[in-house]
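Shown next, in structure tokens, is the structure this report addresses.
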Amino acid sequence: MVRNIDGKLFAKMIEQGAQNLSNNVNLIDSLNVYPVPDGDTGTNMNLTMTSGNEAVSNQASSHIGQVGQVFAKGLLMGARGNSGVILSQIFRGFCQHIEQDAEIDVPQLAKALQASVETAYQAIVKPVEGTILTVAKDTAEKAMSVADNHEEMESFFQTIIEAANQSLENTPNLLPVLKEVGVVDSGGKGLVTVLEGFLAGLKGETIEASTSNTAENVAEVDLETEAHDFHGVMNTEDIQYGYCTEVMARFNDAGKAFDEQQFREDMSTFGNSLLVINDDEIVKVHVHTEKPGDVFNYVQQYGELIKLKVENMREQHREVVRKEQSQQGNQDDIAQVETAIIAISMGEGISELFKSMGATHIISGGQTMNPSTEDIVKVIEQSGCQRAMILPNNKNIILASEQAADMVQAETVVIPTRSVPQGITALFNLDHDAELSENKETMMEALEAVMSGAVTTAVRDTQVDGVTIKEHDYIGLMNDKIVTSDAQLTETLRGLMQQMVTEDSEIITLISGEDANVEDTEALIEWLEAQYPEVEIDEHEGQQPVYPYLFAVE
């Protein structure tokens, strides 16, 4: 029976919360209202939580306040997307409340949850109910109301998680678009998932990394999809097990009878970072070991080896160190400026356009991968600037930009550009001789006169904003709202332009992406010239992913 949580237990809870969130990324992403292939809620929350967990993994303190400080800083620096920033603010408030405590009991935990909500709401200029904020608020309210009735942590957590789920189920009643699409809030689901992982850690349970156990997927799944994480490993000799080993075997009649539990226990003796997936035909193993040959020999007892892979992680670590040292040595190559104009860009062509219009620094990111708070902070700090201006150019990067602005010493303003076309308009109005505050005022006024548009493809069937959408159809968005959809790109483009262009429009800026082809672009321009002969058309090759066409109409 657990009555108090100390630093070591909190670290275990964080680890399981991160793992549970990681296991449910695809589910949470699928709850996003708009069916666009963006950097989604689940992905951003997972990357944020992973950053916090990695920071804590190197924190051995039993003092929960000290662990909390490390966790909050890790979340803050790794926060990506609006959902990740809000998650980081929730736990920032929680951890600030307990920073003086060596351990906490149920009443202290309830008060920390209440503090987390207050911090998160203060961080958002216009809080929206029916989102992760509501789920956090309802959970904290339940915690405060029942804290005096619980001495034991497990039953308390079960009670507040039940309240969190009830709040999550109610989000469509608070946010009409959720009800229209038929989903609950994705950020709220992410928070519930983290809390459920916390409970598992509290109970001493270990959440295994999930995979789909079908015969087809077992053969296809990649157990090591990214480069090895050497976070916290200072020296190559600190790596205990030096070989990343993967093996896949097909069961046969001549092989040993397969007992999954015994197999896992035996495999765990070879090293660490063990992953095992299997079905009736195949077993696939990933393990870090000193003796790959022994692993192969063991697995071969069960059938025919059909795939083998070994990577020397010590050599990989040496290469990581070499690259880091090289990057450190090249930091002076980052433009040193008095005033940094930082633009987030999603394509080489767009980056060059931003540079030509006055941006001093470009951060790669946008729809497919939102940059973290730390990414933005590093550019500002390494530029040596006294003043900085950030153009997020994506509605999902604005909060991370504002968070970065609060963390640096340089005077920094954020121009809340929600799209690349808005970023272009803002830079067009940049006056290098004006103060930051003056430039912000001028740019904000200019943004009111520009209309942004985009075309992409739908990733699922749905109905949203009154538009019926089929998977793989093209969809047209005007100022972040879906206004048209069609199986034909031409029809989608024309439908979007007919809604964006008015009799007062003077300029159409067209930015073609990496998936646009010359014929479609030429046909579109020809149609625009015939349809709107009085409007000037400005074309650029942006080479952006995900969106074959972006538009600005002024």
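Considering the conditions (1) closer than 28 Å to Gly52 by Cα; (2) in a loop (DSSP other than H, G, I, E, B), Gln382 is excluded by exactly one of them, (2). Residues in region 469-492 that are more than 18 Å from Asn517 (Cα to Cα) and of a type in the set (S, T, N, Q): Asn479, Thr484, Ser485.
Of all residues in region 60-118, those that are of a type outside the set (Val, Ile, Thr) and either closer than 22 Å to Val146 by Cα or outside any helix (DSSP H, G or I) (or both) total 28.
Being under 20 Å from Leu353 (Cβ atoms) and either surrounded by fewer than 14 Cβ atoms within 10 Å (Cβ to Cβ) or touching a residue at least 12 places away in the same chain (Cβ under 8 Å) (or both) holds for only one residue in Gly466, Gly495, Gly513, and it is Gly513.
Within region 467-486, the set of residues being more than 24 Å from the chain's Cα centre (by Cα), over 10 Å from Val455 (Cα atoms) and of a type outside the set (A, V, I, L, M) comprises Thr468, Lys470, Asp473, Asp486. Looking across region 425-449, just one residue is more than 19 Å from Thr412 (Cβ to Cβ) and within 28 Å of the chain's Cα centre (by Cα), and that is Thr425. A single member of Thr339, Thr425 is at pLDDT 90 or above, more than 30 Å from Asp515 (Cα to Cα) and in contact with a strand residue (DSSP E or B) (Cβ under 7 Å, 6 or more places away or on another chain), and it is Thr339.
Can you say whether Ser83 is among the hydroxyl-bearing types (Ser, Thr, Tyr) and crowded, with 19+ Cβ neighbours inside 10 Å, as far as the supplied structure shows? It is true that Ser83 is among the hydroxyl-bearing types (Ser, Thr, Tyr) and crowded, with 19+ Cβ neighbours inside 10 Å. Would you check if there is a residue in region 95-108 being under 21 Å from the mean Cα position of the chain (by Cα) and either outside the structural domain of Ile28 (by TED's automatic domain parsing) or under 23 Å from Val56 (Cβ atoms) (or both)? No - not one qualifying residue is present in region 95-108.
If I ask for residues that are hydroxyl-bearing (Ser, Thr, Tyr) and surrounded by fewer than 23 Cβ atoms within 10 Å (Cβ to Cβ), which ones from region 1-41 would you list? Ser22, Ser30, Tyr34 - these are the residues of region 1-41 that are hydroxyl-bearing (Ser, Thr, Tyr) and surrounded by fewer than 23 Cβ atoms within 10 Å (Cβ to Cβ).
Here Thr425, Thr412 are screened, and the one residue that is outside any helix (DSSP H, G or I), buried (at least 20 other Cβ atoms within 10 Å of the Cβ) and either on the phi < 0 side of the Ramachandran plot or in the same structural domain as Ser485 (by TED's automatic domain parsing) (or both) is Thr412.
Restricting the search to region 167-193, which residues are among the β-branched types (Val, Ile, Thr), closer than 19 Å to Asn23 by Cα and assigned to a helix (DSSP H, G or I)? Those that are among the β-branched types (Val, Ile, Thr), closer than 19 Å to Asn23 by Cα and assigned to a helix (DSSP H, G or I): Val192, Thr193. Of the residues making up region 511-544, those that are out of contact with any Pro (no Cβ under 7 Å at 6 or more places or on another chain) and part of a loop (DSSP other than H, G, I, E, B) are Asn517, Tyr532, Pro533, Glu534, Val535, Gly542, Gln543, Gln544.
Quick grid of which residues meet (1) touching a Gly at 6+ places or on another chain (Cβ under 8 Å); (2) not polar (S, T, N, Q):
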position	(1), (2)
Thr456	no, no
Asp461	no, yes
Gly495	yes, yes
Ser505	no, no
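Restricting the first residue to region 295-306 and requiring it to be in contact (Cβ under 8 Å) with a residue 40 or more places away in the chain, which pairs with a second residue that is surrounded by fewer than 20 Cβ atoms within 10 Å (Cβ to Cβ) and in a helix (DSSP H, G or I) meet a Cβ separation below 7 Å and a spacing of at least six or different chains? If the second residue must be surrounded by fewer than 20 Cβ atoms within 10 Å (Cβ to Cβ) and in a helix (DSSP H, G or I), the pairs left are Leu305/Phe296.
Looking across Met389, Met369, one residue alone is closer than 29 Å to Ile90 by Cα and either among the hydroxyl-bearing types (Ser, Thr, Tyr) or at pLDDT 95 or above (or both). It is Met389.
The values are calculated or read from the model by the stated rules, or taken from the named source; none is laboratory data. Computed from a predicted model, the values in this text were never measured in an experiment. Here Cβ is always computed from backbone atoms with ideal geometry, including for glycine, and neighbour counts include all displayed protein chains.
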